[in-house]
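Okay, so here's the structure we're looking at.
The values are calculated or read from the model by the stated rules, or taken from the named source; none is laboratory data. Note that the coordinates shown come from a computational prediction; the quantities given were computed from them, not determined experimentally. Here the Cβ is made from the backbone with ideal geometry for all residues, glycine too, and neighbour counts use every protein chain on show.
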Amino acid sequence: AQKVTQAQTEISVVEKEDVTLDCVYETRDTTYYLFWYKQPPSGELVFLIRRNSFDEQNEISGRYSWNFQKSTSSFNFTITASQVVDSAVYFCALLSSGSARQLTFGSGTQLTVLP
Amino acid sequence: SQTIHQWPATLVQPVGSPLSLECTVEGTSNPNLYWYRQAAGRGLQLLFYSVGIGQISSEVPQNLSASRPQDRQFILSSKKLLLSDSGFYLCAWSTGLLYEQYFGPGTRLTVT
């Protein structure tokens with residue numbers, strides 16, 4: 001069975017603060033993929049990143065960075081110098097190469113960046 | 001570039017009425033297609049996915065059905081809506097089952 005846990009339901013920060021969104025996953029498969037999506041108030045889910053289980057290198061894209069640690073089954077997402085436009089619900093998701101082959105989403109974290 | 005369209009954007013339907021939501025993808029061929037429902041409280045639930053024309057896999061039992069009459073068209077239907085069918089319906093596509101999915105703008109359905 002697959003499971004993704006995003007323990008932070010809501011986070012509120014002031015603009016320019018750094019914020020980290022936590023994601024913990026469970027899977028029995030050795031080959032799997034992890035994703036982050038952003039859902040702004042408009043509703044459309046926007047793809048941010050995909051990582052496979054064999055690549056533990058951290059990734060940075062502008063103000064976004066991701067920390068993948070297989071030892072703790074975590075795939076955390078950090079926004080540096082947050083902006084009001086970062087306000088959204090962020091979803092972590094897991095896809096295993098096993099029989100499930102369906103994207104399992106966490107429950108999401110509502111991030112509010114205050115001006 | 002690829003784009004995905006959904007319509008209608010919003011829909012208010014009475015209980016017992018039929019439903020038809022449409023999703024089309026442009027700029028790619030033979031995509032995998034997906035229907036999700038997002039109820040209040042954010043959880044995303046996979047309803048159906050399709051790897052090709054006429055090939056539909058159902059993930060949860062419900063009174064909804066899906067069809068894929070053309071390569072880049074995916075339709076979600078119901079013969080009789082229930083109150084519990086209310087939610088935000090998202091269509092998505094991917095190049096393969098193990099790749100990232102790209103989502104459409106969604107349809108907000110309210111069953112009254």
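Within segment A:37-59, count every residue that is among the β-branched types (Val, Ile, Thr) and at pLDDT below 90.
Counting residues in segment A:37-59 that are among the β-branched types (Val, Ile, Thr) and at pLDDT below 90 gives 0.
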Within segment A:90-104, the count of residues that are surrounded by 22 or more Cβ atoms within 10 Å (Cβ to Cβ) and within 11 Å of another protein chain (Cβ to nearest Cβ) comes to 6
Any hit, segment A:76-92, residues being more than 22 Å from B:ARG42 (Cα to Cα) and among the charged types (D, E, K, R): no
Is there a residue being within 14 Å of another protein chain (Cβ to nearest Cβ), touching a Phe, Trp or Tyr at 6+ places or on another chain (Cβ under 9 Å), on the phi > 0 side of the Ramachandran plot and surrounded by 13 or more Cβ atoms within 10 Å (Cβ to Cβ) anywhere in segment A:31-49? yes
Apart from one, (1) surrounded by fewer than 17 Cβ atoms within 10 Å (Cβ to Cβ); (2) within 24 Å of B:LEU97 (Cα to Cα); (3) in contact (Cβ under 8 Å) with a residue 24 or more places away in the chain all hold for A:LYS16; the odd one out is (2)
Could you check segment B:1-34 and list, in sequence order, the residues that are β-branched (Val, Ile, Thr), assigned to a strand (DSSP E or B) and at pLDDT below 95? B:THR3
Restricting attention to segment B:1-59, the residues that are aliphatic (A, V, I, L, M) and over 16 Å from B:GLY87 (Cα atoms) number exactly 6
Looking at the structure I just gave you, is A:VAL24 touching an Asp or Glu at 6+ places or on another chain (Cβ under 9 Å), touching a residue at least 12 places away in the same chain (Cβ under 8 Å) and away from chain B (no Cβ under 14 Å)? no
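Can you name the strands (runs of 3 or more DSSP E) wholly within segment A:13-115 that have at least 1 residues being hydrophobic (A, V, I, L, M, F, W, C) and within 13 Å of the chain's Cα centre (by Cα)?
A:19-21, A:24-26, A:32-39, A:46-52, A:64-69, A:74-79, A:88-96, A:109-114
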